[in-house]
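> The structure under discussion is supplied below as structure tokens; questions concerning it will follow.
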Amino acid sequence: MMEIINEYVFSVFFVETLLNGLLYGGVLALLSLGLNLIFGVIDVVWICYAELVMLGMYTIYFMHVRYGIPLIPSSVICVMMVALLGYVLHRIIIAHVLGKAPINQLLATGGVLFFLQSIATLMFGVEFLSLGVSLGSFQLTEDIYVSKSQFVAFVVAAAAVAGMYFFLSRSYMGAAIRAISQDREIMILMGVDANRLYGITSAIGGGLAGLAACLLALQFDVHPFVGISFGPIVFMVCVMGGLGNLVGGFIAAFVFAELIAIGGYFADLEWGTVLAFCVFVITMFIRPEGLFARKS
Amino acid sequence: MTRLPLMLLGLAGLIAVPFIGVPPYWLHIMIIILIWSFAYTGWSVMGRFGLVSLGHGAFMGIGAYGTALLWNHAGLTPWVGIPVSMLLAGGFALLIGYPCFKYKIVGHYFALVTLALSVIVGQVIVATRKHTGGSLGYTPEPHGGEGFSIYAFQFPEKTHFYLIALAAWVVGLIIWRMVDKSMSRYALEAISEDEDASAAVGVQVTREKLKITMLSAVMTAFAGAMYCQYQLFVSPDTVAGVGISLQIVFAVVAGGIYTQFGPTVGAIITIILAEVLRINIGELEGLLGFRPFGLDNTIYGIMLVLFIIFLPRGVLGSIQARMKGGAKA
């Protein structure tokens, strides 16, 4: 037993696995932040959230590879595009189902998921497109290398999460957004234009999806079904942290990423996902309001 | 009961279909529609009470893969393998349902927990690729010379399978009706309105929900097994996983959750739409200038959003509601 532990756990590969999990957790945290914000404020789950990310990845691919725009301006365009998309999504669809049963909201955004996935197939085909950018890697210690694109993704994601935290806690608009998520009815009575706030929140949520798209495009190929490969993981992260609870979602992202990484280290990557989802289901039974729910 | 003779006449007509020279292609489409209708009906027996499960892809996968694996690896005839797989799916429904209902996981949360089940089953099938073929798919081995084998539940002749699928579909509708007429229906409707209040007046909430969930899971697993035995090929994309779970829910919503034939109408709409577009893809290419892969799902997605906003009862549900309204006026 000890030998196995020595061989597997105190090995440089295991440290690398943990590190990869940590870096992946950063991107997951960014993804869950946008979804959580929208849920917390508008009380709607965007099942199609990962598909917005997918469209963002296509945007940056076309800007950078087809039109030759440098990476940074492409990223800015990508963030703005997806932010606009988030706003439009809210205005033309979500606004109409706001008062309906939660199930109908879920299904309406599910319809958008189908639509976006297939429109991407229709317009861009099913082949895997790569940004073709390699940032290389740097040496952390004697035998541990870290991929730069993963590292950049982690740093930008962490900065964005911190930025969102300050925006929500310090700015006037942030205060308004927090207030409406705490009490929907009273804020409207006090003369707040809820629709405007919802629109802005949707745009911010979309912008965060766009940012995540830029970071993911550095690491993964884009294809119409890329959304469905990480979408469910993002939902589970949000639910595990408590839907609408930004800090909980942030911590849950790292728990989830590490579970996938560790499962993948001892067996296949699929088993890592299975492990993470099983832990999720068990967590739900023990703490239905999420791991980090405040006692009310 | 003036409707009964009409229904029997319709059923007689459907039984006659393979014997009046319907081309094999149309027979194939009808079999596919019947099998999926059965699966959708299976989902709707619980879905109509607000129990929106995104985990039915998992139950379907268990039914299909369970039957095929037991046949190939253990030599167990599907006549035993199908019931065993159905029991297995029921067991999974119990395993996931009991804690869900006991700890009052409802609405969004129930949908997402069941979605996790879809992911788990889909990934396990891919991860155990040594036994299940992974994402490349899996084929139940043939038995006997001609391919026809009652023992192996393999019927290359479309007529045979059409009659089997038709019988299953009718049984599915009868089950739906029985649930509709049962006391459980009132209990479950009360639960979906207000869980605490119905518990207070003596409804056994956990038990009623569990019963309907297990029934639904077992039905869906049977649909998976039938699909497997008919196509003699299954893959995670066609019978298991997240995509199938979503497809099941959305087809039922399109047809109508709250009516007996709603799921069937949903199956007809979605399958015919996909087939028409698939066949005419060449002409559409000439028209549009590119090959419109994914056009069916594009239209389907738009339809779905419009349905939810404007026709939340689905196509058939809305027509029936209008007819009732018209009769009153």
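> For labels at A:Val15 and B:Ile299 in the simple 7 Å Cα→Cβ model, what's the distance in nm?
5.9
> Here is a follow-up. Hey, what angle do you get for helix A:172-182 against the long axis of chain A, alpha-carbon based, 0 to 90 degrees rounded to 10?
The answer is roughly 90 degrees.
> Using alpha carbons only, how many angstrom separate the centre of region B:145-219 from the centre of region A:31-92?
So the separation of the two Cα centres works out to 41 Å.
> While we're on this one: Express in whole angstrom the spacing between the alpha-carbon centres of region A:97-155 and region A:182-255.
13
> Would you tell me the mean number of C-beta atoms belonging to other protein chains that fall within 10 Å of each C-beta in B:295-302, as a whole number?
Whole-number average of other-chain Cβ neighbours for B:295-302 is 6.
> State, as an integer percentage, the relative contact order of chain A based on alpha-carbon contacts under 8 Å between residues 6 or more apart.
35
> Taking other Cβ within 10 Å of each residue's Cβ, how do B:Leu94, A:Leu37 sort, fewest first?
In order of increasing Cβ crowding within 10 Å: B:Leu94, A:Leu37.
> Exceeding 23 Å between C-alpha atoms, which entries from my cross-link table qualify? They are B:Lys181/B:Lys209; B:Lys158/B:Lys181; A:Lys148/B:Lys130; B:Lys130/B:Lys158; B:Lys209/B:Lys324.
Among B:Lys181/B:Lys209; B:Lys158/B:Lys181; A:Lys148/B:Lys130; B:Lys130/B:Lys158; B:Lys209/B:Lys324, the Cα-Cα distance tops 23 Å for B:Lys158/B:Lys181; A:Lys148/B:Lys130; B:Lys130/B:Lys158; B:Lys209/B:Lys324.
> With everything on Cα atoms, drop me the angle between helix A:246-266 and the longest principal axis of chain A, reported from 0 to 90° to the nearest 10.
So the inclination is approximately 30 degrees.
> I've got another one for you. I need A:Cys278, A:Cys238 ordered by Cβ neighbour count within 10 Å, fewest first.
Final ranking by Cβ density, sparse to dense: A:Cys278, A:Cys238.
> Measure off 7 Å from each Cα along the Cα-to-Cβ vector at B:Met7 and B:Lys130, then give the distance between these two points in nanometres to one decimal.
Result: 5.1 nm between the two label points.
> Evaluate the distance, in nm, between pseudo-label points positioned 7 Å from the Cα of B:Ala321 and of B:Leu27 along their respective Cα→Cβ axes.
A separation of 4.0 nm, rounded to one decimal place.
> Report relative contact order for chain B in percent, whole number only (criteria: Cα-Cα under 8 Å, sequence separation at least 6).
30
> Among the complete DSSP H segments of chain B, which ones combine at least 24 Å of alpha-carbon extent along their axis with a mean Kyte-Doolittle hydropathy of -0.5 or more?
What comes out of the filter, once short or polar helices are dropped, is B:24-47, B:56-74, B:78-102, B:108-127, B:158-181, B:205-231, B:262-279.
> If you don't mind, there's one more thing I want to ask. Can you give me the C-alpha center-to-center distance between region B:272-325 and region B:37-82, rounded to a whole angstrom?
What the calculation gives is 27 Å, centre to centre.
Laboratory data are not the source of any read-out in this text; all were calculated from the coordinates shown. As the structure is a prediction and not an experimental result, all values here were calculated from the model. Neighbour counts are summed over all protein chains in view; Cβ atoms, including those assigned to glycine, are modelled from backbone coordinates with ideal geometry.
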